[in-house]
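Trainee: Pasting a structure below so you can have a look.
Derivation of every value follows stated rules applied to the coordinates shown; laboratory data play no part. If you're wondering where the values come from, they're calculated on a predicted model, not measured in any experiment. Note that we place each Cβ from the backbone using ideal geometry, even for glycine, and neighbour counts take in every protein chain shown.
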Amino acid sequence: MQWIIRFSGFVSATLVMIVLAPSLQSFHPAEAIRSHIHIDGQLRFPAAIPHRSSYRRASTFRNAAGCEPVRNSGDVCDPSLVHVALTLDLDYLRGSIAAVHSILQHSSCPESVFFHFLVSDTSLKTLVGSTFPKLKFRVHYFDPEIVRRLISTSVRQALEQPLNYARNYLAEILEPCVRRVIYLDSDLVVVDDVAKLWNTSLEQKTIGAPEYCHANFTKYFTAGFWSNPVYSSVFSDRNPCYFNTGVMVIDLVKWREFGYTKRIEKWMEVQKLDRIYDLGSLPPFLLVFAGHVAPIDHGWNQHGLGGDNVVGSCRDLHPGPVSLLHWSGSGKPWLRLDSKQPCPLDVLWAPYDLHRSWSSSWST
């Protein structure tokens, strides 16, 4: 109930904002990845990162009464843990920190949440540890060269970054004892208990996500794809629906068993030879999984708040419950807030922002 009270307050603040704001390599990646991933290692060329003092230290979040005791504190293989994976890079660091903060704040058992950060610069580990001193987490280095040769141009340059494709390799990156993981993008906040998402039934499917069957599925692929019967026949025996890959629950056991990383890579190889889509890392997931996704309530991905991939226009919430707010699209809330040109709903992201450049009055 506490988050509902906060949310009501944020909505009131939103109305104020509406008034005040303006109109407002030679190896095969799947086979070679184990030898190219270094967990908690050191990079050969560490990039300059924000000083740890750039972020305020978060409060310490403790488990509520009734939480299952964490059996082996800090042990990634503890079966009582909820595993959450996010990418962590300089461009989206502020968003990732806010996402973690939101998860901890709304979790009934925050000490039972284990975070996996996929990075191309492990020096970010120090900043995370200083911002969340009691956080259970591990940093996993993802070598950009593993996927670089497979990446094609996209409608937005940010979608071409190798780290966007790290989610394809979670089954290889995470420890074999991790059987399930929640993957989340870095431009969202969770306003409900993440354990609810964790406990979602996947109905024998490999992944679960909110589906949007009313969306025009054909637009995610080129005319050349649909006119080629070899390509388009991949959907002939299923009823595909669009889903956003920024929020997924993944059964890693099934993923490993059926080799889905290689299946995704094969479609990326097709794309390099014969352009069949224009939009980053999403279409290969649709090609492999659309029509075979366990449906999750739409409240767990109120996406599109960042506008489309070209214009970061303001968007409203979709009808229905809200468990997760997702600024997918080109408009990011921290950039719009800093520029003094926020969209009305950006005020709902601001309380989770721990960056010192933003007014401490927004901290929760």
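Trainee: Among residues other than residue 337 whose Cβ falls under 11 Å from its Cβ, what is the net charge (Lys/Arg +1, Asp/Glu -1)?
Mentor: +1
Trainee: With Cβ to Cβ distances under 14 Å as the rule, what net charge do the other residues near residue 268 carry (K, R +1; D, E -1)?
Mentor: Surrounding charge for residue 268 is +3.
Trainee: Moving on to the next point. Starting from the Kirkwood Rh over alpha-carbon pairs, what translational D in µm² s⁻¹ does the range 231-303 have by Stokes-Einstein at 20 °C and 1.002 mPa s?
Mentor: Stokes-Einstein gives a translational diffusion coefficient of 159 µm²/s.
Trainee: Okay, next question. Once you wrap a convex hull around the alpha carbon atoms of the range 242-364, what is its projected area averaged over all directions, in nm²?
Mentor: 9.9 nm²
Trainee: Order by neighbour count: 250, 207, fewest other Cβ atoms within 10 Å first, most last.
Mentor: With the fewest neighbours first, 250, 207 line up as 207, 250.
Trainee: Same structure again: Can you give the log10 of the normalised intensity I(q)/I(0) at q = 0.16, 0.18, 0.26, 0.29 Å⁻¹, computed with Debye over equal Cα scatterers of the range 80-140?
Mentor: Cα-only, vacuum Debye calculation for the range 80-140: -0.45, -0.57, -1.21, -1.47.
Trainee: Fully extended, how many nm does the chain gain between residue 71 and residue 356 (0.36 nm per residue separation, minus their Cα-Cα distance)?
Mentor: 99.0 nm
Trainee: If you take the alpha carbon radius of gyration of the range 59-217 and divide it by 2.2 N^0.38 Å, what ratio comes out, to two decimals?
Mentor: Compared with the compact-globule rule of thumb, the range 59-217 sits at 1.07.
Trainee: From the Cα trace of the range 100-187, what convex hull volume per residue do you get, rounded to a whole Å³?
Mentor: 117 Å³
Trainee: Can I get the semi-axes of the range 129-280's equivalent ellipsoid? Compute them from the C-alpha gyration tensor as square roots of 5 times the eigenvalues, in angstrom, largest first.
Mentor: Each semi-axis is √(5λ); the values are 28, 20, 16 Å.
Trainee: If you split all Cα-Cα distances of the range 150-219 into 5 Å bins from zero, what percentages do you get per bin, shortest first?
Mentor: Percent of Cα pairs in each bin: 3, 10, 16, 19, 24, 17, 9, 2.
Trainee: Next up: Which of the aspartates and glutamates could a cross-linker span from residue 254 if the Cα-Cα distance has to be under 16 Å and same-chain partners fewer than 8 positions apart are dropped?
Mentor: 172, 175, 203
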